[in-house]
Every structure is written in structure tokens, then in C-alpha cells.
1. State which residue is nearest to V123 (Cα to Cα) when the search covers only segment 7-30 and only residues that are of a type in the set (V, I, T) and not in a helix (DSSP H, G or I).
2. What pairs come out if I take residues in segment 106-127 that are under 19 Å from A94 (Cβ atoms) and pair them with residues that are polar (S, T, N, Q) and at pLDDT 90 or above whose C-beta lies under 7 Å away, six or more apart or interchain?
3. In segment 18-30, which residue that is open to solvent by 90 Å² or more (accessible area, probe 1.4 Å) and closer than 11 Å to I52 by Cα is modelled with the highest pLDDT?
4. Please name all residue pairs, on different chains or six or more residues apart, with Cβ atoms under 6 Å, provided the first residue is in segment 91-102 and is closer than 11 Å to D23 by Cβ and the second residue is part of a loop (DSSP other than H, G, I, E, B) and not basic (K, R).
5. Would segment 40-51 turn up any residue that is in a loop (DSSP other than H, G, I, E, B), within 21 Å of S125 (Cβ to Cβ) and in contact with a helix residue (DSSP H, G or I) (Cβ under 8 Å, 6 or more places away or on another chain)?
6. G57 passes all but one of (1) open to solvent by 70 Å² or more (accessible area, probe 1.4 Å); (2) among the small types (G, A, S); (3) modelled with pLDDT under 80; which number fails?
7. Within segment 90-122, which residues are surrounded by fewer than 16 Cβ atoms within 10 Å (Cβ to Cβ) and in a strand (DSSP E or B)?
Amino acid sequence: MATLEHVNVTVRDPQATAQMLIDLFDWKVRWHGEAMGGTGVTYHVGSDDGYIAVYSGPNGKQTDPDNSYTQVGGLNHIGVVVDDLDATEARVKAAGYEPHSHADYESGRRFYFHDTDGIEIEVVSYA
């Protein structure tokens, strides 16, 4: 069986995005440093089992619209599973983000929010 290890997204400020993920989901920085080829900065933020790589190209600028590594927010959404959906939603709201698209169906309760780079994060609980 295969397991998802990480997702890599391009953001304007990887340090700020890393801190937002730590604050909302009680994650940690697993690693951070210069991005491959010296083209920017990357933070690996998550748990021992998986992480989100938040990356910024040179100077945080979009340089080539046909290259996903230079497109800020170039994906559909990131899904995060939590034990306590209500407590997490309270943290999301307290951090100034607006939860939307709440749903409760057989596979679990969930909501979504957009971070400051426009990346949509789905928060789901199967409890």
C-alpha cells in the first residue's frame, strides 16, 4: 500500500505559511533550508508521518507562469485530518481565516478555508 508523504506548494512567504500551519494544526517544522538548486527557501511542516513543503522561489516572485514552482497557490486544495473539528475551526477563525463549505456526510465532517496565498485547505474529521 502506498502512503502520501508530502505536498509541495509555492507561497509568497514560506516562514509565515509554516507558522500558520504550526499554529492551526499543532505541527512542527521537520526541516527548512535552501531549496533545490539554490532557487529559494523551503519549510517542511507536518507530523512524523507526512508534511507540506512550503516553498518560495527567488525573492518570493512568480517568474514563469508555465512553471508550477513559480505559481503562487497552484493546486486545488490540501486535506488535513484532525481529531476535533470544532476546536480546529475555532483556531482557524481566531487566526482570521473564514471557514466555508461546511459538509457532514458519510465519509466525515469538514470545512474549508483559504490561506493568505489563496491555497484552499480542507479540514476533515472522521471521528
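1. Step by step, filter segment 7-30, then rank; the result is V7.
2. Note: pairs meeting the criteria are F111/S101; Y112/S101; D115/T17; V123/T88.
3. The extreme case among them is K28.
4. Listed pairs, sorted by first residue: V92/P99.
5. There is no residue in segment 40-51 that is in a loop (DSSP other than H, G, I, E, B), within 21 Å of S125 (Cβ to Cβ) and in contact with a helix residue (DSSP H, G or I) (Cβ under 8 Å, 6 or more places away or on another chain).
6. With respect to (1) open to solvent by 70 Å² or more (accessible area, probe 1.4 Å); (2) among the small types (G, A, S); (3) modelled with pLDDT under 80, G57 is out only on (1).
7. H100, S101, H102, A103, D104, Y105, G108, H114
The values are calculated or read from the model by the stated rules, or taken from the named source; none is laboratory data. What you see is a predicted model; the values in this text were computed from it and never measured. FYI the Cβ positions are ideal-geometry reconstructions off the backbone, even for glycines, and counts take in every protein chain you see. For accessibility, only protein heavy atoms count, side chains too; no ligands or nucleic acids. Shrake-Rupley method; radii C 1.70, N 1.55, O 1.52, S 1.80 Å.
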